Each structure stands twice: as C-alpha cells, then as structure tokens.
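The values are calculated or read from the model by the stated rules, or taken from the named source; none is laboratory data. Note that this is a predicted model, so its numbers are computed, not measured. Cβ placement follows ideal geometry from the backbone for every residue including glycine, while neighbour counts extend to all protein chains displayed.
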Amino acid sequence: MLHHLFKVSALLLITQFVFAQSLDPTICIDRLEEAKRSYRAGLLSEVKDKIEDCLSENPRVFSREKMIEGYKLLTESFLFGNDIAEGSIAYENLLRFNPLFEADSTNPDNSYDLIYLSRTYRTKPLISVYANLGTNYTMVQVLQNYNSDNNNRPAQNYKQITLGYNTALGVEIPVWRDFTVAVEGNFSMRSYLFSDTMFLSSNLLNPRQAEYQYSLLKFNERQFYIDIPVMVRYEYYMKKYKKIIPYAYAGVAPNFLLSSSLVNINRSTSRETLGGGAVVGGEVSIPIAGSSLTAYGEDNGVEAMSLRNYVNVSGIIGIGSKFRIGRDFLVVEARYNRMLLNSVNLDNRYSNRELVYQFGHVDNDFRIDNFSLSVGFEKSFYKPRKKAKYNPNLVDNRLSQLLKREKNNAKRTTDAELKRELNSFIRDLERDKPGILEDVRRGRASSNVIREAAKEADKIKGR
C-alpha cells in the first residue's frame with residue numbers, strides 16, 4: 001500500500017515539475033516563435049497546441065505585449081482556417097489586453113481577414129469617468145439698473161478682471177456613433193469686481209461742466225455654486241492623429257447657489273470744500289446668501305434675507321481635446337456657461353439696511369456669464385463588443401423581413417413582368433443570403449447590404 005502511495009506521489013511531483021518547466025517564460029517565448037513558423041508553413045493546428053497553455057497562464061509567463069502578439073497569431077490562424085467563431089474569441093481575448101487594437105491595413109504583417117475582423121469591433125470605451133480642475137472668469141450682464149444715487153447717470157463698472165476656480169467629477173457614456181452623453185458634478189467659486197461712484201449735484205461750487213466724483217464704492221462678490229450639467233458631446237476621430245481626439249459639446253445645467261458674500265466692501269469719500277475724506281467699511285465682508293445669514297442682523301432684530309436666488313438654469317457650450325495616454329486621456333477643455341435667469345431675489349432687494357444706508361448700494365437685476373478653462377484626467381473602461389452593423393443576427397432578421405415583404409408584393413401584383421422580376425430578385429437574395437451573413441461575420445460586409453437590397457427591390461417596382 002505504501003509502495004503504491006509513494007509511486008502516485010512521485011508521479012504527481014514529476015508531472016508538476018514538468019508542467020512548471022513547460023510554462024517557463026523562456027520556453028513560452030520559444031514556443032511563440034515556433035508557432036509563428038508553423039503559421040507561415042501552413043501548419044495551423046500546431047499554432048494553438050504550442051501557445052495555448054502559455055496564453056492561459058499569462059500572469060506567470062507572458063508580458064502584455066507577448067499576450068497581444070500571441071492572441072493576434074492565434075486569431076490569424078483561426079481566420080486562415082475559416083474558423084470565424086474561434087477567431088472572434090481569440091480576437092476578443094486580444095482586446096482584453098489592448099482594447100484599442102486596430103489592424104492597420106498598411107502593415108504587411110496583417111492579413112486582410114484580420115483587418116476586416118478588426119473593423120467589426122468597437123474600440124471606444126464602454127464608460128469613462130473624469131476629474132478636472134480649472135479657473136474661470138465671470139461677466140455680469142445688467143438687466144435693469146437700480147441705484148441709490150442718480151439712476152439717469154450710472155457710473156457702475158463690472159468689467160474688472162478677477163478669477164475664480166472650479167473642479168468637477170463626471171461620467172461619459174458613448175450613445176451613438178461619435179456622440180457621447182456626459183453628466184457632471186461641478187463645484188465652483190465665481191467672482192466679479194464691482195465699483196460705483198456718486199456725484200455732487202450741479203451748483204455754484206460744482207458746475208455741470210466740472211462734475212466731481214466724491215464717493216467710490218468697491219467690492220468683490222464671491223459665489224459658491226454646485227452645477228449638474230448634462231451634455232451631449234461630438235468627438236472627432238482623426239485618421240492621421242489617433243492620439244488626439246478634439247470634441248465639442250452643448251448642454252444644460254441646474255445651478256445651486258451655496259453661499260455668496262460681498263468681500264472687502266468699502267465706500268471712500270473724497271474731500272470737498274465742506275469736509276469729507278471718510279472711509280466706510282474697509283475690509284468688511286457681508287454675507288448675502290447662504291446659511292451664514294442666520295447670524296446676521298440679530299443685534300438690531302432685523303431678519304437677514306438672501307439677496308440672491310438659490311436656483312438658476314444655464315446653457316453650456318464648450319470645446320476640448322483628449323490626449324491619449326495608454327488607455328486613458330489627458331483632457332484640456334474650455335467652456336462657456338450662460339445663466340438664463342436673474343440672479344437677484346427681487347423681493348429682498350432693499351432688505352439689507354447696512355448695504356442700502358451705510359454703503360449706499362442697491363443691486364441691479366443681473367445674470368451671470370462664465371468662461372472656464374480646465375485640465376483633467378479621464379479614466380476609460382472597455383469591453384470588447386461587436387458594432388451593431390456587423391451583427392449577423394440583426395442582418396439575418398432584417399433580410400428575412402425584406403424577403404417576406406417582397407414575397408407578399410409578388411403575390412399581390414397582377415403585372416406578370418413585375419411578378420417575374422420580383423421572384424427572380426427573391427431567389428437571388430435567398431441564394432446569396434448565407435454568403436452575405438458569412439461576409440458580415442468576417443467584416444467584409446455590413447448592414448448596408450440590406451439598404452442596397454431594398455433599393456434594388458424598389459428599383460424593380462418602380463420600372
């Protein structure tokens with residue numbers, strides 16, 4: 001009994017040793033070279049036998065490059081032997097290691113069968129996630145002027161340049177051809193600078209031809225938003241520069257205001273004949289929207305109310321480019337965001353007494369336009385899948401529908417010549433159908449053959 005047990009154990013150890021030796025990386029590389037020689041000699045069955053074990057043990061013996069090379073050779077051998085099903089399986093395994101692989105028609109090492117099969121698979125990501133960071137510039141569009149001074153002669157300035165920042169997380173999904181849908185969560189600080197002047201009325205000391213500015217108001221409004229854009233993108237795939245994908249997009253976004261404050265607000269008065277030179281505010285910061293309003297105004301019993309609407313809607317357009325880094329992308333993007341609604345809460349325009357009476361400021365009705373420039377990284381996830389137009393089942397069903405329709409037309413017509421031509425068309429299509437489906441599987445034909453066949457039938461009926 002012990003003697004037999006020893007024999008079995010020794011046999012297992014020897015088998016494991018031999019198996020381990022057979023999957024040594026150096027031996028597998030030699031096998032791959034042997035398989036190439038077998039393929040060139042037309043010994044197709046030997047290709048699979050020599051490299052199948054090495055490919056199945058890929059983490060131990062082959063690098064990614066060798067896996068791609070091995071599965072490409074295996075695909076070629078199956079296609080050359082007219083085994084399209086096994087060739088497709090081998091090609092899908094190749095795409096697991098390089099989902100962006102496309103058989104280049106200018107490479108003499110690629111067979112026509114491989115080039116055609118390659119065209120039947122999608123190389124675009126199944127889904128992508130991205131993050132970006134950037135800066136933005138806000139412009140204010142005044143809808144209606146309000147003022148604590150002379151409203152017939154406003155001297156307001158919104159055009160001074162100040163920058164904010166933005167960051168985003170998003171998901172992008174291909175939907176049709178070169179179009180994708182992107183949904184994004186965007187956090188941004190949008191800021192603008194404002195200045196306004198008051199003037200002395202015209203009198204003996206200040207004639208109209210020599211008006212004097214006597215008071216200057218300045219502040220910086222900082223708004224913190226969360227936007228949720230939904231965008232449709234069109235990506236342009238260049239044949240020559242495949243590592244660069246420019247794109248353009250448009251969309252809409254609800255905009256949710258988290259908080260807003262007037263920062264560094266001050267009004268300074270210039271000295272005139274009868275005194276002056278006062279400065280009000282200095283480095284004062286006044287919250288005008290958000291949760292911090294709950295503490296404001298408690299000293300005098302006045303309830304603090306938001307001067308801004310918390311919800312807006314914006315239209316978005318943008319352009320960008322993706323720069324391929326392996327399977328993923330570096331993304332550079334420029335965006336224009338136009339808010340469509342008034343930012344000011346009309347009911348609360350005069351509610352902040354400090355702004356109205358101490359600083360002499362009343363909000364205009366305005367909306368916000370915003371330009372942003374951002375840089376980000378996009379991580380893509382791939383799954384090998386056939387393009388719909390190369391799906392033989394789809395083509396088979398649609399050809400069957402076309403044949404059924406034309407058979408009914410042939411039965412209903414009383415024109416003998418038309419009946420004869422339609423029946424001839426039906427017989428030819430039924431005869432060619434298996435070959436058409438085979439060409440679709442190989443990538444030599446697509447669902448376009450259905451449209452061509454339908455045109456031919458319409459041409460016969462139109463004679």
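Going through region 431-452 one residue at a time, which ones are surrounded by 13 or more Cβ atoms within 10 Å (Cβ to Cβ) and not hydrophobic (A, V, I, L, M, F, W, C)?
First, pick out the residues of region 431-452 that are surrounded by 13 or more Cβ atoms within 10 Å (Cβ to Cβ): 432-433, 436-447, 449-450.
Passing the criteria: D432, K433, E438, D439, R441, R442, G443, R444, S446, S447.
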Report yes if R420 is outside the structural domain of A85 (by TED's automatic domain parsing), loosely packed, with under 14 Cβ neighbours inside 10 Å and more than 30 Å from N98 (Cα to Cα), otherwise no.
-> yes
For G376, state whether it is under 31 Å from the mean Cα position of the chain (by Cα), surrounded by 14 or more Cβ atoms within 10 Å (Cβ to Cβ) and in the same structural domain as N132 (by TED's automatic domain parsing).
-> yes
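Please note which strands (runs of 3 or more DSSP E) are completely contained in region 217-322 and include at least 3 residues that are over 20 Å from S191 (Cβ atoms) and at pLDDT below 95. Walk me through it before giving the result.
Numbers: elements: 230-235, 244-269, 279-289.
So the answer is 244-269.
Rundown of residues vs (1) closer than 20 Å to G462 by Cβ; (2) of a type outside the set (G, A, S); (3) exposed (fewer than 12 other Cβ atoms within 10 Å of the Cβ); (4) under 48 Å from the mean Cα position of the chain (by Cα), yes/no style:
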site: Y390; (1), (2), (3), (4): no, yes, no, yes
site: L403; (1), (2), (3), (4): yes, yes, no, yes
site: A410; (1), (2), (3), (4): yes, no, no, no
site: T413; (1), (2), (3), (4): yes, yes, no, no
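Does region 84-122 hold any residues that are hydroxyl-bearing (S, T, Y), part of a helix (DSSP H, G or I) and either in contact with a Cys (Cβ under 6 Å, 6 or more places away or on another chain) or surrounded by 14 or more Cβ atoms within 10 Å (Cβ to Cβ) (or both), and which are they?
Scanning region 84-122 gives S88, Y91, Y116, S118.
Has region 48-61 got any residue that is in a helix (DSSP H, G or I), of a type in the set (G, A, S) and crowded, with 16+ Cβ neighbours inside 10 Å? Break it down stepwise before answering.
Taking region 48-61 first, the residues in a helix (DSSP H, G or I) are 48-56, 58-61.
If we keep only those that are of a type in the set (G, A, S) too, we end up with 56.
Then keep just the ones that are crowded, with 16+ Cβ neighbours inside 10 Å; that gives none.
No, because not a single residue in region 48-61 is in a helix (DSSP H, G or I), of a type in the set (G, A, S) and crowded, with 16+ Cβ neighbours inside 10 Å.
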The lone exception for T120 - which of (1) at pLDDT 90 or above; (2) over 28 Å from P392 (Cα atoms); (3) of a type in the set (V, I, T) it fails = (2)
Residues that are closer than 30 Å to L340 by Cα and either within 14 Å of the chain's Cα centre (by Cα) or surrounded by fewer than 12 Cβ atoms within 10 Å (Cβ to Cβ) (or both), drawn from region 237-253 = P246, Y247, A248, Y249, A250, G251
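Taking the stated definitions as given, is G81 more than 28 Å from R177 (Cβ to Cβ) and either crowded, with 20+ Cβ neighbours inside 10 Å or under 24 Å from the mean Cα position of the chain (by Cα) (or both)?
no
Can you confirm whether G443 is in contact with a Leu (Cβ under 6 Å, 6 or more places away or on another chain) and assigned by TED's automatic domain parsing to the domain that holds N397?
Values: in contact with a Leu (Cβ under 6 Å, 6 or more places away or on another chain): yes; assigned by TED's automatic domain parsing to the domain that holds N397: yes.
When the stated conditions are applied, G443 passes them.
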Identify, by number, the condition in (1) over 29 Å from P108 (Cβ atoms); (2) at pLDDT 70 or above that F6 doesn't meet.
-> (2)
Going by the conditions given, is V356 out of contact with any strand residue (DSSP E or B) (no Cβ under 8 Å at 6 or more places or on another chain), closer than 30 Å to S261 by Cβ and in contact (Cβ under 8 Å) with a residue 40 or more places away in the chain?
-> yes
Scanning region 306-320 for residues that are crowded, with 16+ Cβ neighbours inside 10 Å and either under 16 Å from D369 (Cα atoms) or out of contact with any Asp or Glu (no Cβ under 7 Å at 6 or more places or on another chain) (or both) gives S306, R308, N309, N312, S314, I316, G318
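Quick check on my filter: what residues within region 53-87 are acidic (D, E) and closer than 23 Å to R442 by Cβ? Quick ask: steps written out before the conclusion?
Looking only at region 53-87, we keep the residues that are acidic (D, E), and these are 53, 57, 65, 69, 76, 83, 86.
E69, E76, D83, E86 - these are the residues of region 53-87 that are acidic (D, E) and closer than 23 Å to R442 by Cβ.
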Taking region 325-370 only, how many residues are closer than 30 Å to Y382 by Cβ, buried (at least 20 other Cβ atoms within 10 Å of the Cβ) and of a type in the set (V, I, T)?
-> 1
Residue pairs within 6 Å by beta carbon, gap of at least six or interchain, first lying in region 224-251 and more than 13 Å from T180 (Cβ to Cβ), second among the β-branched types (V, I, T), listed first then second, are P229/I316
